[in-house]
1. If you find the alpha carbon centre of the stretch 523-592 and of the stretch 53-106, how far apart are they in angstrom?
2. Give the peptides 285-298, 381-394 in descending order of average Cβ contacts within 10 Å, highest first.
3. Determine the shape class of the stretch 429-588: with a ≥ b ≥ c the square roots of the Cα gyration tensor eigenvalues, call it rounded for a/c under 1.5, and otherwise prolate if a/b is greater than b/c, oblate otherwise.
4. Report the gain in length on full extension from Asp624 to Glu556: 0.36 nm times residue separation, minus Cα-Cα distance, nm rounded to one decimal.
5. For the full complex of protein chains and a 1.4 angstrom probe, list Phe63, Phe302, Phe138, Phe217 by accessible area with the highest value first.
6. Would you work out which of Gly153, Ser421, Met64 lies farthest towards the positive end of the dipole of the chain? Charges go on Cβ: Lys and Arg +1, Asp and Glu -1.
7. Efficiency by 1/(1 + (r/R0)^6): what FRET value for Thr605 and Gln267, r their Cβ-Cβ distance, R0 = 22 Å, to the nearest 0.05?
8. Using θ = phi - 60° and the Karplus relation 6.51 cos²θ - 1.76 cosθ + 1.60, list the HN-Hα couplings for the stretch 561-573 in order, rounded to whole Hz, with x at every Gly or Pro.
Amino acid sequence: MNSWLSELVVLLKRDWIMTMRNKSFVWGMAADCLAMMLFVGFVFFQLKNDQESIQNRIGTLFFMTLMDIYPVIIPAMIIIMIGRTIMFRERSSGMYRMTTYFIARSLSFMPVIFIPNMIKYIGIYFISHLQYQADKFFIHMALHLVLLFCAIGYAFMMAMIVNRIDIAASIAPVSLACLILFAGNLANVNSITPVLRWIKYVCIVFYSYAGLVQNEFDGLEFTCTSENTSCYKNGAEVIEFYGVGIVPIWATVAAPLPELTQEYIKQMYPSYLNLIQAQVLFRHGERAPMMSKLFPDEKWLFCSETNRLHSEFMKAVNLFEPLGKKVTIKTSGSASDGKIDYEPAFWSIRMVEKPAQKANPDEAWDPRSCHMGQLTDLGLNSLHHSGAFLRALYVDKLKFIPQTPKGNLNDWLYIRTTDYSRVIQSTYALLTGMFPGYPKQKDKSNLGVYSWPEFGKGFLQQFPIHTRDLFKDPLNFASRGPGYLALLNGVTIEESRKVKWLDDIYRQTIQIPSIGAKAKELMNHEALASNFHHLFDELMSSKAHGIPLPFGMSSEHMDNIHAASYHQWMTIPQTTNGQRMGYGELVSNIAQTMAQAASAADSSTGDWPRIGSQRTHDLLLSHDGGLRETSDHEVPRVPRMALYGTHDVTIGSLATILGSTRKRWPMFGSLMTIELFKDTTTPLEEVQRNLPTPSTLEQQPPTTDGYFVRVLLDKEAIKLPTCQMQGKHHPKMGTSVCSLAAFYEHIEAIVE
């Protein structure tokens with residue numbers, strides 16, 4: 001048997017000679033690309049930013065997508081079919097492997113297909129005047145390359161499943177035409193019937209076309225005149241209208257949620273498990289970095305919508321102040337001991353004012369500008385997507401919560417967010433995804449273009465959102481107390497480098513020419529928990545918004561910095577003392593809410609009581625009095641669903657405490673779901689009952705018989721170590737579904 005590499009070399013030489021002998025294919029491809037470059041470029045010549053240019057940009061991108069498939073697939077498919085008989089004969093003699101054949105054949109096509117097509121797209125890009133930005137240009141080219149790869153693969157597929165060339169020549173164009181219907185141009189993918197809507201996810205055109213439209217229209221502003229009966233004001237409205245924003249360009253940065261197939265629902269929610277309660281902790285969406293040291297010249301123009309929504313919110317809670325003025329809210333009673341400093345007011349924004357720190361007072365403030373740490377428009381979209389996922393699961397599939405937020409939401413829903421504007425806005429976006437159309441949103445364009453509902457008094461009246469003083473909220477890192485913070489403070493790079501693999505990452509990072517000196521300065525500072533975290537934070541935030549990694553940094557190196565940051569942060573939460581000091585109150589609150597739900601579900605009256613002591617210190621973001629304490633009639637009942645807006649440190653630490661082996665920070669928009677079930681049909685004699693329980697639970701002994709708990713972090717089911725033993729998990733569902741008694745045993749040492 002020949003070696004794999006020798007086979008590949010021989011086949012590649014032969015296929016390259018055969019390809020170059022096919023003059024009609026080689027010169028036809030070149031002539032076609034040159035002619036189409038000039039034709040398409042001058043049809044869509046020098047596009048402007050008026051309303052007419054929107055249709056022209058859409059037409060340019062869609063036609064370029066079509067040119068990636070028809071002129072490539074049909075001739076490549078015919079050439080492959082002509083040589084297929086020879087391949088079958090040679091394969092029957094065992095002359096080579098199929099892998100070497102396919103790779104060699106594909107490689108022989110690539111120069112002939114890729115080079116003229118890339119020249120064509122470069123010409124069209126600059127003649128038609130698509131966005132003249134380096135990052136957008138290279139993303140545009142990369143998306144075309146990906147689609148050309150797919151086109152070659154499609155040609156191979158058709159050539160191998162159809163026996164005759166004439167039949168294949170008829171089937172291929174028809175099948176491509178059907179797929180093009182789901183690309184997002186000829187039909188709005190959101191309006192296609194659900195029976196067929198799934199096809200877009202297997203459509204080779206949809207992803208590239210969606211990426212091209214997002215890449216081109218993101219950041220564009222369009223002019224409107226009195227002659228325009230309707231108007232798109234910016235590219236975001238165009239993306240939303242055409243429904244091509246479903247899959248973001250940098251989808252790998254956002255949280256991967258499971259696909260809610262019928263099989264998934266049947267497996268995860270069998271009929272013998274009755275869902276009693278779901279507590280969801282969600283991380284805020286994509287944001288600007290906490291500081292900009294590596295990319296000091298980056299303007300961070302990603303916050304057009306979040307700036308507007310933040311302004312609406314601050315006015316609704318009577319805290320709208322000029323930029324840079326911090327506001328102290330005075331209250332009375334034990335909830336806040338007199339005052340809280342309300343963080344969002346620290347960067348409240350008037351849409352017409354200029355930041356005070358501008359060197360040139362005549363320089364206009366860009367309403368797209370982001371403050372460091374601010375939620376971006378991408379973050380809004382991510383949380384809206386997470387909310388839509390929760391709706392699809394708990395409303396549409398499971399019928400667990402009502403379809404609409406009508407009536408008194410306090411009877412079944414509890415919403416709490418940390419007192420950070422990025423988390424409050426993420427909570428808003430999550431709720432718009434869960435309950436679209438509430439409150440009713442205004443159609444500002446008269447075109448049916450989606451617009452975010454006003455984040456004003458009407459929204460706060462619809463949804464009772466609670467928050468707390470930063471230093472009294474266990475969802476927030478700042479509440480951990482001086483003892484816990486002392487364990488994390490004062491981490492020096494000298495101490496960190498005593499760990500060999502951390503030293504390797506440090507030395508490799510400072511040797512990167514583009515950022516080495518800046519990264520060294522960042523890492524050399526005495527840090528809280530991790531010397532690598534600020535570096536990771538800026539890199540991850542930048543990557544999420546399409547800013548390329550610094551020159552000389554690989555994705556693998558980025559992953560290593562990620563691992564270093566997480567490792568250092570999680571050192572303390574891996575100890576029982578650290579868990580108790582840092583997260584005991586939060587874990588106790590979650591367990592208390594669960595215990596109250598189990599008790600209420602077993603109650604003969606069916607009434608769920610008011611929530612207990614775990615709501616101490618709650619403040620309401622109210623529509624009638626700004627930030628205030630809740631009145632007696634506003635106290636929520638024990639929730640069937642609880643939503644907690646929080647941060648990566650909280651969710652990551654909680655995942656570690658509960659036994660996650662992921663060892664990575666939760667992504668933007670991540671969902672940690674803690675579900676409580678009751679099983680009244682399965683024989684449960686083997687399930688242990690008399691296990692240690694936390695003394696902090698208000699009901700002693702707590703109700704546990706027949707109750708089970710499952711913890712999910714995005715797609716991952718977290719298996720609590722305590723629940724792995726026989727008798728401590730569900731006999732049918734396995735170790736990922738823990739008995740409530742075993743769950744209490746696992747956390748008992750943490751919450752004491």
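1. Each part reduced to its Cα centre gives a spacing of 44 Å.
2. Details: 285-298: 18.6, 381-394: 22.8.
The most tightly packed comes first, giving 381-394, 285-298.
3. oblate
4. Values: separation 68, 0.36 × 68 = 24.48 nm, distance 5.13 nm.
Result: 19.4 nm gained on full extension.
5. Numbers: Phe63 75, Phe302 40, Phe138 135, Phe217 0 Å².
Highest to lowest solvent-accessible surface, that is Phe138, Phe63, Phe302, Phe217.
6. Positive-end residue among those listed: Gly153.
7. Working: r = 34 Å, r/R0 = 1.55.
That gives a FRET efficiency of 0.05.
8. These are the phi-based 3J(HN,Hα) values: 5, 4, 5, 5, 4, 5, 4, 5, 5, 8, 4, 6, x Hz.
The values are calculated or read from the model by the stated rules, or taken from the named source; none is laboratory data. All values reported here derive from a predicted model rather than from experimental measurement. We place every Cβ from the backbone using ideal geometry, glycine too, and count neighbours over all the protein chains shown. Ligands, DNA and RNA are excluded from the accessible area calculation, which covers all protein heavy atoms including side chains. Shrake-Rupley method; radii C 1.70, N 1.55, O 1.52, S 1.80 Å.
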